[in-house]
Every structure is written in C-alpha cells, then in structure tokens.
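Let me begin by presenting the structure, written as structure tokens, before commenting on it.
Nothing in this text is a laboratory measurement; each read-out follows from the coordinates by a stated rule. Please read all numbers here as calculations on a predicted model, not as lab measurements. Here Cβ is always computed from backbone atoms with ideal geometry, including for glycine, and neighbour counts include all displayed protein chains.
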Amino acid sequence: MIKVAVFASGNGSNAINLFKYFRNHPYIHFDIIYCNNPNAGIIAKSKESDITCRIFTKAEWLSGSITSELISNKTDFIVLAGFIWLVPSDLVSSFPAKIINIHPALLPNYGGKGMYGMAVHQKIIANNEHESGITIHLVNEEYDKGNTLFQAKTKIEDKETPESLAAKIHELEYKYFPEVVEKYISEHKEKGR
C-alpha cells in the first residue's frame, strides 16, 4: 500500500475531496492530514470524516521533526492541498519528486509568496485577464516553481468577480486534482520507484 500524507492550512475542501476519492483505492491510501493552523476549517472536517489530523507548529516544521515523523511513518508521497508555508529543503530532499501541490492559477503567472486563495483571484480580475485555471505541480525549495504536471483553464467572463472565479477554480480542482495525483503515483508504482 502506498501511503500519502496531506498538508492543509485552511478550509480543506480539496483535502476532503482527495480522501473521499481514494477511500477504497486498491493500492493508494491517504492516511493523515497535517495542519499548521489551529483555527483551520479542515480540523473539524477531518473529525467529521473520521480522518486523523495532526496539528503542528512552525518550530516543528523548521526543526525537521515533521520530516522525521513522515519518514518513520513510512509515508511515500505528500500532497499539499491549500498549504501555505514554504516546504523546507530537508523535506524536499527526503521526498524527491514525491510532493505534489495545487495552485489556483496558471503558473508561472500569479505564483510566489503570498499568492494563495482569494488574493490570487483578486489580482487576476484586477489585471483584466481573459483566463485563469489551476496548476498541479511538483514541489521544490521555491514557492510554485516545481515541474508542472497538469494545467486546466477556465474563461473569465466580463462581469467575473473574485468570488465567482474562485467557484470556477474550485470546480476544476475537485475534478482534476484526485485524477492527476492518482495518475502520477500510479506511474511511479509501475516504474518501481
């Protein structure tokens, strides 16, 4: 069984969607949510869904203790689902090409520190862009700079608001994120990595 840990900082709708998608998967098991925000909506949602949620501190994150915990738990892959802290280099090097993130814009545009959630959609609307979308990518030591695995686009309408754009982006996330994660992990399994 391939073990996957999910990291989330906020409401956690993508995290819960992943757990539901993989609930009865024959060889991919999502077993825990790590959360860095003690006030995050994902904490209550994980309890409701009977999913283990581990809340951790910045000190644990930076000290490498979370990396050690993941290794000792024999975690195979990590998925970031609305997680906003930069991943430390010890975690990236311990899980090379095995940390997957989703970003609510078409990278390389609208990425980087501070570009998450509604801030991304507000900026895209303010810049009068004609399209937006999602990017699913591997994680390296820089915000939103890892290799792209998949992108999906949506048209921005004339009277689009950040809120209506956010809803369209969520639809893309729910539809594609689990499928892309499954495909990527399955390809790794077939290659024996």
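Estimated at 0.36 nm per residue, the fully extended path between LYS159 and HIS29 surpasses their Cα-Cα distance by 42.6 nm. Using just its DSSP H runs of length 4 or more, each adding -39500 (n - 2.57), the chain gives a mean residue ellipticity at 222 nm of -12000 deg cm²/dmol after division by all residues. Relative contact order of the chain: what whole-number percent is it, with Cα pairs under 8 angstrom and at least 6 residues apart? Reported relative contact order: 19 percent. Summarising the strand pairing of the range 2-190, around 40 percent of its internal DSSP beta bridges are antiparallel.
Annotation: amide H of PHE150 within the under-5 Å range of ILE136, sequence separation 5 or more or interchain, hydrogens built in the peptide plane. Here the range 2-190 is assigned +1 on the Cβ of each Lys and Arg and -1 on the Cβ of each Asp and Glu. Its dipole about the Cα centre then comes out at about 240 debye. Its alpha carbons considered, the range 1-85 gives a radius of gyration followed by a Dmax of 12.1, 36 Å. Report the normalised scattering of the range 39-193 as log10 I(q)/I(0) at q = 0.09, 0.10, 0.13 Å⁻¹, calculated by the Debye formula with identical scatterers on the alpha carbons. With one equal scatterer per Cα and no solvent, log10 I(q)/I(0) is -0.32, -0.40, -0.68. For TYR34, the residues whose modelled amide H falls within less than 5 Å of its own, excluding neighbours fewer than 5 places apart on the same chain, are VAL6, PHE7, ALA8, ARG54.
Choose one answer from ASN39, ASN11, ASN128: the residue with the largest mean-square fluctuation in a GNM of the chain with alpha-carbon springs under 10 Å. Residue with maximal mean-square fluctuation among ASN39, ASN11, ASN128: ASN128.
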